Structures are given as structure tokens and as C-alpha cells.
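Peer 1: Could you have a look at this structure, given as C-alpha cells, before my questions?
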Amino acid sequence: MLSSFLNNNMASKTFHVAKTIFKHSQPYFYPVINGRRFSTAIASGDNEPSFLDSVQIYFNEAAKISGVSEKTLSHMDAPDCSLKVTFPIEVEDDKVEILTGYRVHHSRHLLPVKGGIRFSPRVEEQEVAALAALMTYKCAIVDVPFGGAKGGICIDPKRFTLAQLERITRRYTVELCQKAFIGPGVDVPAPDMGTGAREMAWIMDTFRQFHPNDVNSIGCVTGKPISLGGVRGRNEATGLGVYYGVREFLSYPEVQNATGLSEKIEGKRIVIQGFGKVGYWAAKFFEKNGAKIIGIGERDCGAYNPNGINIEDLYDHLVKTGTFQGASDIDIIDDTLKILELDCDILIPAALERQINLGNATKINAKIVGEAANGPITPAANNILIEKGIVILPDLLLNAGGVTVSYFEWLKNLSHMRFGRMTKKWDELGKSKLVELVENNVGRHLTESERKSIVQGAEERDLVYSGLEDTMVAACQETRSTAVTKNIDFRTAAFVNAIQKIANVYEGSGMMFMA
Ligand code: NAD
């Protein structure tokens, strides 16, 4: 049973001091409480390990049982290269602000490296490094043949006009071009918090100016608008991947036994923190498949309706007014963090890192926490949740739908052709012939809509959804298999699988320069 192997694992778990990989990163020591080790923080995530150190702690735990040699692990662990740029932007007449941007390549064992670009006032070197490391492991888990990277600019995008945002994005891209930190064969960014298709289009256009003869220049970034080489299904990919992942884990008997939940999505009570690209689409797919979204948290407040929130209505209201306040058919929760403590079946943090920490972990009332955001649970909170019997579906697996479909977009850009264009009509013809044969033999003719549903060839979006579903299900099954075999939790299992796959590339390619 999952609960027993989780508990067995946790009982034997000991944290060691997080290894420092950045010189300003502090090691953390964990006091032992009731036989378990916790951070020295009592009430908030602020005194707990940094996000970077949290990733390190999870990596170390998995590394110990991965069977991979120390020298390969130490190479894998350290970020390959890190870029920090500062550049000026004119905000008003005669007034200039100096902005700071980052791009970290965690592992270039496979090229290009891949990872989002974040615009947020919280962006700093350690956060970017942690996200880059997660990208390395995430790509390995879903068999996307890329290394891991991440980037960001330390700005609050809401403070800038559209024209200023365009200038900032283009200027940052110029820096990336000059330092060879972008290109279809080197580094392919994507959207993350605070960025979207619009910013990706600006990045692509800027890169194109620097590489006018590169026939593949459009593949320098993913998450673009469809008209500029984007792929259908990318907008919703991360949220849809979260849905596929939760559905898959719910189908495992050991998860049902540990949580008391049935395998059905229908009727499940879901709470989501963050109603942006990931949170909105995850909510849409859960709602479409019969779940009730009973709570959603945003920056300023939360929305609550025990009978289920109408997702499209609330989203329209948020887009129009910038807040949930004043929306119909919901109660407002003023303290937005309280949304995380609602009694529910599945809690989906889809906003920021370190939202579930020593300050609130004991108050979490969900049976499953599905990490749609990167790093939403601190290591100490992770242990508390597991001890409470809560099943955690880890970020590096659950939110990998975005990078999976980004990979499809990159392939589309390199092939210069929409998926399905060469095969759709051919498939329809073959299926029509088969249907006719069956109709003639059984003596019944299909209605027009029956015929259409059977013979219709796949559109680009159908193929993307199908590829995404297959990828997520396979990655969940691999993770489950390692968790059961090694008697470990799903996060450690996902890390173990990633480490082993990356080690195969390192060792097989001779990257270690071994004697
Ligand atoms: P986004 O900017 O589109 O949405 C984030 C949302 O969270 C916004 O609506 C914002 O207002 C809200 N938010 C911010 N602070 C909050 C707070 N304190 N409480 C509640 N809500 C808050 O970003 P996104 O692309 O949806 O990314 C969300 C998370 O998912 C991030 O951790 C990101 O790294 C991760 N992620 C994103 C993708 C992707 O494809 N976009 C892929 C993998 C992982």
C-alpha cells in the first residue's frame, strides 16, 4: 500500500546538509522533532531552505539510492553556466531604470537546453538556478531530448506599458543573442510566470533580426502565437498535462487506498491556487470532466463555492476587473493563503514556489496535492504532508506537459509543417473504405455524424493532445513503478528516474572525460 511504503520510507529518511552550489547559498541544518528532521523555521517559508536548496535536498535524497556514481552525480549537480545581464530602459522622459535579467543553463548534456522566461519582481539568480535544475530533471522524466535552462527579468510586468514591455523583452533577447544563450540548436526559451505568446513573438522576431539567414530561426523559442509558428494545444498544455497526471495517479489502487478516493474525476472537489495560464487551463479540464472546482486563490483574495465555481464566468470577471471581488455565485476569502487550507480532495498549487511551508503544512486538508507550480512545497512541509497521509504528485512530473508540447512545437518549426498536414486526408480515405466494407457486410449504414466521428483524420490539436496524453501517462507509470519497487515517495522516484536517464547520457557520451 502506498501509505505504508511512504511511511516506511519516511521513517528511514534522514536529511543531510544541503550541498552549496552557489557561493551565497547557505547550508541548512535540520533539528529533529519527534524523530523527524525539520527546518529551524516555525511559522513561515521565509526561514526555510531557499528554493534552490530545496531542489538540492530532493536531488540528494534521490541521488543516494539512484545507483549512479559520485563523479557523475557531482557533474550533473552543478549548473553548466549562468548569465547575468543589466541593461537600461527609459521609462519616462529622461528617466532610466536599470533592469537585471538572468539565464542559467543547468545541464547541456543534450542540446538545445529548454526552460521558461519569467517576469517577476521576485526573480533572482538562485531562483532561476533552481528552476533550471528542475527543467533538466523534468525533460528527462518525459523523455524530451533537451537539457535544462531557465531565465527571467526582475520586473513587475504590471508596472510597465505595453511598449515598455516590448522594449524590455527585445533588449533582454539582444543580450541573449550576443552571449549565444539563445538559438534553435542551443537554447530555446518558453513562457513562464508573467510571460506568454506575446513575449515569445517579440523574442522570436528579435532573434530573427540577428540571424536573417537561419532557416530555422523561428525555432529559437516556443509558446509562440499560431500565426508565428506556434503549435495548437501549447496554451493549455501544462494545465492539460496536470489533468492527465492526476487522472492517471487516481487510477492506481495504492493511491486510492492511501487517500480513500475513487478513480473517477467526476465529483472530485478541487482547490486551485493561481488562476493564470496553468491554473485556468487545469481548472477548465477538471470542470469539463465533471470535477467541482470549489476554491480558487489569486493574489489579493480567494473565490469559494462548495457547489462548484463556473470557471469561464469567474475568469471573464477576473480579466475585466483584475480581481474576484464582485463576481457572482462565489464567496470571497479575504486571506488568499487560506484557500490552501480548504477541505478538498485535490489541492493544486499553480502560482508560486514555497506556498506550503512549516507555517501551514499541518493545516492542509487535501488528500492529494498536485504540484502544478514549480516548487510549491518546502522540504519540511513535504514531510509533514506525507506523514499526514497526503499523496504528493511532484512538479517535475506533473507540470511537464508544457515542455512536452514545447518540444512538439520545436519539431514543427524544424519540419516547417503543421502536424497532420500530410496524413489527414490519406487517413480519412483509408478509414472511409474500411467503414464502407463493414457497412456492406453487416447491411447497416452509419448516420452522417457516426461516420464523421469514425473517419475524421487527426487535426494538429488532436495529435498534440494524443502525444501529450501518451507522454504523461508513460511518465506517471515509470514514476509509480520506481516508487513501488524502491518503496519511496513519488517525488524521490521521479528524481531517481531522471538522474538515471541523465547519467546514461553523461556516461555514454564520454562527457565525463573518464580515464
Ligand atoms: P501566470 O503568470 O500565467 O499565472 C500565475 C498566476 O498566479 C497569476 O494569475 C497570478 O496573479 C497568480 N498569483 C501570483 N501570486 C499569487 C499568490 N500569492 N496567491 C495566489 N495567486 C497568485 O504563470 P503560469 O505560467 O500559470 O505559471 C504558474 C506556475 O506554473 C509557476 O510556478 C510556473 O513556473 C509553473 N509552470 C508553468 C508552465 C507554463 O507552461 N506556463 C509550465 C510548467 C510550470
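The values are calculated or read from the model by the stated rules, or taken from the named source; none is laboratory data. Keep in mind that what you see is a predicted model, and the values were worked out from it rather than measured. Cβ: placed from backbone, ideal geometry, glycine included. Neighbour counts: every protein chain shown. Surface accessibility is based on the protein's heavy atoms, side chains included, excluding ligands, DNA and RNA. Shrake-Rupley method; radii C 1.70, N 1.55, O 1.52, S 1.80 Å.
Peer 1: Nothing charged except the Cβ atoms of Lys and Arg (+1) and of Asp and Glu (-1): what's the magnitude of the dipole of the range 236-400 about its Cα centre? Round to the nearest 20 debye. Provide the component values of the computation, followed by the final result.
Peer 2: Numbers: 15 positive and 22 negative charges, 37 e Å.
With Lys and Arg at +1 and Asp and Glu at -1, about 180 debye.
Peer 1: Also, quick follow-up: Just the accessible area per residue of the chain, please: how many Å² with a 1.4 Å probe?
Peer 2: Per residue, the chain has 42 Å² of solvent-accessible surface.
Peer 1: Quick one: if you take sqrt(5λ) for each eigenvalue of the C-alpha gyration tensor of the range 175-232, what semi-axes come out, biggest first, whole angstrom? Kindly include the intermediate steps, with their values, before the conclusion.
Peer 2: On the way: eigenvalues 59, 35, 18 Å².
Output for the range 175-232: semi-axes of 17, 13, 9 Å.
Peer 1: Rounding to the nearest 20 debye, state how big the charge dipole of the chain is about its Cα centre with +1 on each Lys and Arg Cβ and -1 on each Asp and Glu Cβ.
Peer 2: Details: 57 positive and 61 negative charges, 183 e Å.
Result for the chain is approximately 880 debye, rounded to the nearest 20.
Peer 1: Among DSSP beta bridges whose residues both lie in the chain, state the antiparallel percentage, nearest 5.
Peer 2: Details: 26 of 51 bridges.
Among the beta bridges of the chain, antiparallel pairing accounts for roughly 50 percent.
Peer 1: I would also like to ask the following. Averaging over every viewing direction, what projected area does the convex hull of the Cα atoms of the range 236-400 cover, in nm²? Write down the numbers at each step before the final one.
Peer 2: Details: hull surface 33.1 nm².
The number I arrive at for the range 236-400 is 8.3 nm².
Peer 1: Take the alpha-carbon positions of the range 459-515, form their convex hull, and give its projected area averaged over all directions (one quarter of the hull surface) in nm². Spell out each step's value before the answer.
Peer 2: Details: hull surface 22.4 nm².
In nm², the orientation-averaged hull projection of the range 459-515 is 5.6.
Peer 1: Let me ask another. By per-residue mean of other Cβ atoms within 10 Å, what is the highest-first order of 469-479, 56-66?
Peer 2: Values: 469-479: 19.7, 56-66: 21.7.
Averaged packing, sorted descending, gives the order 56-66, 469-479.
Peer 1: Considering only DSSP beta bridges where both residues belong to the range 62-228, give the percentage that are antiparallel (nearest 5). Each step should come with its number before you reach the end.
Peer 2: On the way: 18 of 28 bridges.
Counting only bridges with both partners in the range 62-228, antiparallel ones make up about 65 percent.
Peer 1: Can you give the accessible area of Trp410 in Å² (nearest 10), computed on protein heavy atoms with a 1.4 Å probe?
Peer 2: The accessible area comes out at roughly 30 Å².
Peer 1: If you don't mind, another one. Provide the three semi-axes, in whole Å and in decreasing order, of the ellipsoid equivalent to the chain as defined by the square roots of 5 times the Cα gyration tensor eigenvalues. Before the final figure, lay out the partial values.
Peer 2: Numbers: eigenvalues 222, 187, 138 Å².
So the three semi-axes of the chain are 33, 31, 26 Å.
Peer 1: Using the Cβ atoms and a cut-off under 11 Å, what net charge is assigned to the surroundings of Arg461, where Lys and Arg are +1 and Asp and Glu are -1?
Peer 2: Numbers: positive: Arg232, Arg234, Arg418; negative: Glu236, Glu459, Glu460, Asp462.
Net of charged neighbours comes to -1.
Peer 1: How much of the DSSP bridge set in the range 236-400 is antiparallel, in percent, rounded to the nearest 5? Before the final figure, lay out each step's value.
Peer 2: Numbers: 6 of 21 bridges.
The antiparallel fraction comes to roughly 30 percent.
Peer 1: From the phi angles alone, apply the Karplus equation (6.51, -1.76, 1.60; θ = phi - 60°) to the range 299-308 and give each ³J(HN,Hα) in whole Hz, x where the residue is Gly or Pro.
Peer 2: 3, 9, 6, x, 10, 9, 8, x, 8, x
Peer 1: Quick one: divide the alpha-carbon radius of gyration of the range 399-515 by 2.2 N^0.38 Å and tell me what you get. Spell out each step's value before the answer.
Peer 2: Numbers: Rg = 21.6 Å, N = 117, 2.2 N^0.38 = 13.4 Å.
Relative to the 2.2 N^0.38 Å estimate, the range 399-515 comes out at 1.61.
Peer 1: Could you state, as a whole-number percent, how many of the C-alpha pairs of the range 62-228 are farther apart than 22 Å? Show your work: numbers first, answer last.
Peer 2: Details: 5820 of 13861 pairs.
In whole percent, the long-distance tail amounts to 42.
Peer 1: Given the -39500 (n - 2.57) contribution per DSSP H run of 4+ residues, what per-residue ellipticity at 222 nm results for the chain, rounded to the nearest 500 deg cm²/dmol? Spell out each step's value before the answer.
Peer 2: Details: 17 runs with 230 residues, N = 515.
So the calculated ellipticity at 222 nm is -14500 deg cm²/dmol.
Peer 1: Please give the charge dipole size of the range 62-228, origin at the Cα centre, charges +1 on K and R Cβ atoms and -1 on D and E Cβ atoms. Round to the nearest 20 debye. Kindly include the intermediate steps, with their values, before the conclusion.
Peer 2: Details: 20 positive and 20 negative charges, 71 e Å.
Roughly 340 debye, rounded to the nearest 20.
Peer 1: While we're here: Which shape class applies to the range 158-299: rounded if a/c is under 1.5, otherwise prolate when a/b exceeds b/c and oblate if not, where a ≥ b ≥ c are the square roots of the Cα gyration tensor eigenvalues?
Peer 2: Values: a/c = 3.17, a/b = 2.20, b/c = 1.44.
In terms of gyration-tensor shape, prolate.
Peer 1: Based on the mean of other Cβ atoms within 10 Å per residue, sort peptides 451-459, 69-77, 391-399 so the most packed one is first.
Peer 2: Details: 451-459: 14.4, 69-77: 16.0, 391-399: 27.0.
Per-residue mean Cβ counts within 10 Å order the peptides as 391-399, 69-77, 451-459.
Peer 1: Another question, then. Putting +1 on Lys and Arg Cβ atoms and -1 on Asp and Glu Cβ atoms, find which of Ser66, Leu111, Val174 reaches farthest to the positive end of the dipole of the range 62-228.
Peer 2: Farthest towards the positive pole: Ser66.
Peer 1: Now a separate question. Quick check: pseudo-label points 7 Å beyond the Cα along Cα→Cβ at Asp313 and Glu266, how many nm apart are they?
Peer 2: 2.3 nm
Peer 1: Could you point to the residue in Ile309, Gly279, Ser328 farthest towards the positive end of the range 247-334's charge dipole, with +1 and -1 charges on the Cβ of Lys/Arg and Asp/Glu respectively?
Peer 2: Going by the Cα projections, it comes out as Gly279.
Peer 1: Something else now. With all protein chains present, how much of the accessible area of the range 44-119 (probe radius 1.4 Å) comes from carbon and sulfur, to the nearest whole percent?
Peer 2: 47 percent
Peer 1: Put +1 on the Cβ of each Lys and Arg and -1 on the Cβ of each Asp and Glu in the chain; which of Asn382, Leu228, Ile339 then has its Cα farthest toward the positive end of the dipole?
Peer 2: Ranked along the dipole, the leading option is Leu228.
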